[in-house]
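Visitor: Submitted below is the structure of interest, expressed as structure tokens.
Rule-based calculations on the coordinates, nothing more; no lab input. Given the structure is predicted, the values throughout are model-derived calculations rather than measurements. Ideal geometry is used to build each Cβ from the backbone, glycine not excepted, and the neighbour counts take in all protein chains shown.
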Amino acid sequence: MLRFLTLSFFTLLLTSCGFALRGTAELPASLQPLHLDNVNDSTAMGRELMRTLVNNKVKLTDTTGASIYSLALGAETNIERAISVNANARAGEYEIIMTVPFQLKRGNTASIPEQKLSLTKVYLADPENAVAKTEEALIIQNEMRQELSQLILRRLQAFTP
């Protein structure tokens, strides 16, 4: 009996403090249904954002109107640059900077003005294996897209109309 009460107490404590598993978010009811404006599945960032929204049970709609919120996603930009060189004067470390703008509108009014979210990652490069460098850069870029889509979701979650 004591074990049950202790378990119940800690469960209640975790839920009351707002604990949620990573990757789950609940949008305010006023944001649902959400229209995706300029977000399509032909871009990697668009696919990742749609996947994140669907996985978090966000209701999406194709219709627009004065009472429906629209999420607009701008073009993703990637910058990759060498930040250090090795003894052979080849790049030893690379930095990737990924930026994506987004905006939340209701009708013609910007509820969240355009914001640019940016992430920076650094990775080591093997100068003898160019294929591995390319593959690692692609993996890192996919991870960055996942993180950016989670950041957008968190901004939407924090929005109060």
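Visitor: Starting from the amide H of Tyr69, placed 1.01 Å from N in the peptide plane, find each other amide H under 5 Å away whose residue is 5 or more places distant or on another chain.
Guide: For Tyr69, whose amide H was placed from the backbone, the distant partners under 5 Å are His35.
Visitor: Let me ask another. Can you tally the net charge around Arg51? Count Lys and Arg as +1, Asp and Glu as -1, for every other residue whose Cβ sits under 11 Å from the Cβ of Arg51.
Guide: Residues close to Arg51 contribute a combined charge of 0.
Visitor: Could you tell me the largest-minus-smallest coordinate of the C-alpha atoms of segment 118-161 on each of the three principal axes, in descending order and whole angstroms?
Guide: Sorted from largest, the Cα extents of segment 118-161 read 54, 13, 8 Å.
Visitor: Could you tell me which trypsin sites (Lys or Arg not before Pro) in segment 71-113 are loop residues by DSSP with no more than 13 other beta carbons within 10 angstrom of their beta carbon?
Guide: Answer in residue order: Arg90.
Visitor: Let me check I've understood the local charge: for Gln141, count other residues with C-beta under 15 angstrom from its C-beta, Lys and Arg +1, Asp and Glu -1. What total comes out?
Guide: Charge balance near Gln141 sits at -3.
Visitor: Where Rh is the Kirkwood radius over the Cα pairs of the chain, the temperature 4 °C and the viscosity 1.567 mPa s, what D in µm²/s does Stokes-Einstein return?
Guide: 71
Visitor: I've got another one for you. For helix 44-55, report the angle its Cα long axis makes with the longest principal axis of the Cα atoms of the chain; keep it between 0 and 90° and round to the nearest 10°.
Guide: Helix 44-55 sits at roughly 30 degrees to that axis.
Visitor: Quick one: work out the % antiparallel among DSSP beta bridges in the chain, nearest 5.
Guide: Around 80 percent of the beta bridges assigned by DSSP in the chain are antiparallel ones.
Visitor: At 222 nm, what helix-only mean residue ellipticity would the chain give, in deg cm²/dmol to the nearest 500, using -39500 (n - 2.57) for each DSSP H run of four or more?
Guide: -12000 deg cm²/dmol
Visitor: So for Val131, Val122, fewest C-beta neighbours within 10 Å to most, what's the order?
Guide: Val131, Val122
Visitor: Need the full-extension length gain, Asn38 to Met1, defined as separation in residues times 0.36 nm minus the C-alpha distance. One decimal, nm.
Guide: Full-extension gain reported as 7.7 nm.
Visitor: Work through the residues other than Val122 whose Cβ is under 12 Å from its Cβ and net out their charges, Lys, Arg +1 and Asp, Glu -1.
Guide: Every neighbour counted, the sum reads -2.
Visitor: Excluding residues on the same chain fewer than 8 positions from Lys59, give the lysines whose Cα lies under 29 Å from its Cα.
Guide: Lys105, Lys116
Visitor: Give me the one-decimal nm value for the distance between modelled label points at Ala132 and Thr160, 7 Å along each residue's Cα-to-Cβ direction.
Guide: Roughly 5.1 nm, to one decimal.
Visitor: What are the ³J(HN,Hα) couplings of segment 85-95, residue after residue, when phi is run through the Karplus curve with 6.51, -1.76, 1.60 and θ = phi - 60°? Round to Hz, x for glycine and proline.
Guide: Coupling constants for segment 85-95: 10, 8, 5, 8, 6, 10, 4, x, 9, 10, 10 Hz.
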